[in-house]
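Report on the structure given below.
The values are calculated or read from the model by the stated rules, or taken from the named source; none is laboratory data. The shown structure was predicted, so the numbers you read here are calculated from the model rather than taken from an experiment. Here the Cβ is made from the backbone with ideal geometry for all residues, glycine too, and neighbour counts use every protein chain on show.
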Amino acid sequence: MRRPHLFTAIASALLLMAGNTAYAQNNTTQPIDAELSALISELNLTGNPAKGIQIPSIQSPKAQLGMKLFYSKTLGGDQTTACVSCHHPVLGGGDALSLPIGVGSVNPEVLGPNRVMKKDEMVSVPRNSPTTFNVALWKQHMFHDGRVKRLDKYSISTPDVKHDQGDPLAGDNLVQAQARFPITSMEEMRGEYMKGSYNQTLRRGLTERLQDNWEKSFRVAFKDHDSPIRDVVNEQNVSVAISEYERSQLFIKNSWSEYVEGNTQAISEQAKRGAALFFKTQANGGADCASCHSGDFFSDEQFYNTAMPQIGEGKIAETKEDLGCYSITGAEDDKYQFRTPSLLNVEVTGPWGHSGAYQTLEGVTAHMLNPKKAVRSYDMGQLKQKGIDLEHTRKHTADALMANVDIKPMPNQAKQDVKDLVSFMKTLTDPCVKSRECLSPWIPDQNSNDPDNNMLHGLRKAGQRL
Ligand code: HEC
Ligand code: HEC
């Protein structure tokens, strides 16, 4: 019994000297693990993107109220849509469509791939619904073009004020600031309701609807039983509650974080090869993905032109194109730039890209390895969603190639690279996001109290609950 004991002691001493906890936990000293371990320490990865960020519990009274509001059509101008129409937990915190459908759907209760616009109407929302999972982790920018932006500790810029000025009504955090805008969008939730009025007048109008039936729920959530009703049921508290619900959607426990914490068995050999490609610079034979998808959150929150194909109507009504950040800043260099998405749970957040141009993770990954080649061979056949104008798609898909593209194709690519990268990105999936049961705290029970009987519970198709 003595020899193995001594051997283990020496081995662990050596491993401690190497400073690598991965070896200490089990003895699979594969060269790839050593390589990854070096990258992990060089890039300061910890496996925990939520460090130092306060995450509310879904059980907190405000998050519970926020959940009801998130699912309530009362906040939709024409009372057909709710936030959940485009951001359902079972649909990866999005809607599983390339381009979302807000007002004007055939059956507002149907969510996901079967959701369609009324006959002969085109899909009018110009960009893909991003996931609400892990939104609490954004520190600087919300939206694909960053139009909600943190300026400093105390102020946030929003579309209600001039670019780069603080919005006094933005609230305490980015998610709260963002939550005040979907209700103002005609295509998403507003329809023709209070057409032409200022955003703030509209918000007050919508909030008045809540005052008859929601008073008790608000008083309980905000622990305020004495103030006049307008100080409790108001648009600020609506956005506070909704944002607490969204911010409670933290899904960051995945096999990659286990690996970073030292369990070398947590991911497959193929995923390890993919990880090495992902994190290594091109000079070292990698794909350099982590230069933008950096840190434990896999985003640097900056903006780039990756020449992602544009599909649909585009953001600019006159020209039907989408110029990304340029529309916010007016700076020529910002054309076609979009925010680096986080890749946590990316497996379940498709279709991918700011307009949902890619239907497979393999497709968008091949794009990231060589945008020019991918755009030239972009297959419009993958766009099965009805109501997307292929004429504009054809016209604008290659536009971004004319500007400065920020991705250099990786030299010496092998067919296997896409598969390995995808295998790695799948290790970023928190198993909870694939389980209806695990997600159930974020989905209101059909029989739960619904203050004005206007909640949208969602169907996969007529008669089939989501
Ligand atoms: C019709 C579909 C639709 C509805 C309804 C909708 N959204 Fe969205 N949501 C989107 C789209 C599209 C974007 C991206 C727009 C952009 O970046 O230009 C978005 C962006 C967001 C973001 C930003 C995420 C990020 O990564 O920056 C959050 C958070 C969000 N929505 C929450 C909400 C809330 C809260 C509501 C209800 C008040 C709501 N959404 C209603 C489609 C929708
Ligand atoms: C120069 C910065 C940059 C580099 C390098 C980069 N990306 Fe991206 N990535 C982005 C941006 C920006 C987007 C969003 C573009 C858009 O939608 O217009 C994106 C989108 C994606 C998406 C789609 C995510 C979603 O939610 O739609 C995936 C997957 C992805 N990148 C993976 C990779 C991989 C794998 C690599 C390395 C081969 C890589 N990226 C390299 C900036 C970068």
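Of the residues Phe251, Phe278, only one is in contact with a His (Cβ under 8 Å, 6 or more places away or on another chain) and among the aromatic types (Phe, Trp, Tyr); which?
Residue meeting the stated conditions: Phe278.
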Candidates Ala271, Ala266 - the one that is closer than 21 Å to Asn48 by Cβ, more than 23 Å from the chain's Cα centre (by Cα) and surrounded by 16 or more Cβ atoms within 10 Å (Cβ to Cβ): Ala266
Selected residue [away from ligand 2 (no atom under 16 Å from the Cβ), surrounded by 23 or more Cβ atoms within 10 Å (Cβ to Cβ) and under 25 Å from the mean Cα position of the chain (by Cα)] from Glu244, Glu258: Glu244
Only listed residue being within 14 Å of ligand 2 (Cβ to nearest atom) and farther than 16 Å from Pro341 by Cβ, chosen from Leu151, Leu111, Leu91, Leu169: Leu91
Where Thr427 falls short, out of the listed (1) buried (at least 18 other Cβ atoms within 10 Å of the Cβ); (2) at pLDDT below 95: (2)
Only one of Ser72, Ser129, Ser85 that is among the small types (Gly, Ala, Ser), buried (at least 23 other Cβ atoms within 10 Å of the Cβ) and in contact with a Pro (Cβ under 6 Å, 6 or more places away or on another chain): Ser129
Number of the condition not met by Lys408 [criteria: (1) more than 19 Å from Pro351 (Cβ to Cβ); (2) surrounded by 13 or more Cβ atoms within 10 Å (Cβ to Cβ)]: (2)
Residue within segment 374-394 that is within 13 Å of ligand 2 (Cβ to nearest atom), among the hydrophobic types (A, V, I, L, M, F, W, C), in the same structural domain as Ala283 (by TED's automatic domain parsing) and under 28 Å from Leu36 (Cβ atoms) present: yes
Per-region count, segment 360-385, residues exposed (fewer than 13 other Cβ atoms within 10 Å of the Cβ) and either in contact (Cβ under 8 Å) with a residue 24 or more places away in the chain or touching a His at 6+ places or on another chain (Cβ under 7 Å) (or both): 1
Subset of segment 324-344 (residues that are within 12 Å of ligand 1 (Cβ to nearest atom) and of a type outside the set (Val, Ile, Thr)): Gly324, Cys325, Ser327, Phe338, Arg339, Pro341, Ser342, Leu344
Any hit, segment 64-72, residues being more than 9 Å from ligand 1 (Cβ to nearest atom), in contact with a Ser or Thr (Cβ under 6 Å, 6 or more places away or on another chain) and outside the structural domain of Ser299 (by TED's automatic domain parsing): yes
Only one of Lys419, Lys415, Lys434 that is closer than 28 Å to Arg115 by Cα and either basic (Lys, Arg) or in contact with a strand residue (DSSP E or B) (Cβ under 7 Å, 6 or more places away or on another chain) (or both): Lys434
Selection within segment 145-203 - more than 8 Å from ligand 1 (Cβ to nearest atom), of a type in the set (Val, Ile, Thr), touching a helix residue (DSSP H, G or I) at 6+ places or on another chain (Cβ under 7 Å) and closer than 24 Å to Ala82 by Cα: Thr158, Thr184
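With Ala266, Ala271, Ala287, Ala307 as the choices, which residue is within 13 Å of ligand 2 (Cβ to nearest atom), within 19 Å of Glu347 (Cα to Cα) and in the same structural domain as Met410 (by TED's automatic domain parsing)?
Unique residue meeting the criteria: Ala271.
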Segment 335-349 residues that are touching a residue at least 40 places away in the same chain (Cβ under 8 Å) and at positive phi, paired with ones that are among the aliphatic types (A, V, I, L, M) and within 6 Å of ligand 2 (Cβ to nearest atom) (beta carbon under 9 Å, 6 or more apart): Tyr336/Met308
Failed item in (1) under 30 Å from Glu258 (Cβ atoms); (2) under 21 Å from the mean Cα position of the chain (by Cα), with Gln385 passing the rest: (1)
Residue in segment 354-366 that is at pLDDT 95 or above, away from ligand 1 (no atom under 14 Å from the Cβ) and more than 20 Å from the chain's Cα centre (by Cα) present: yes
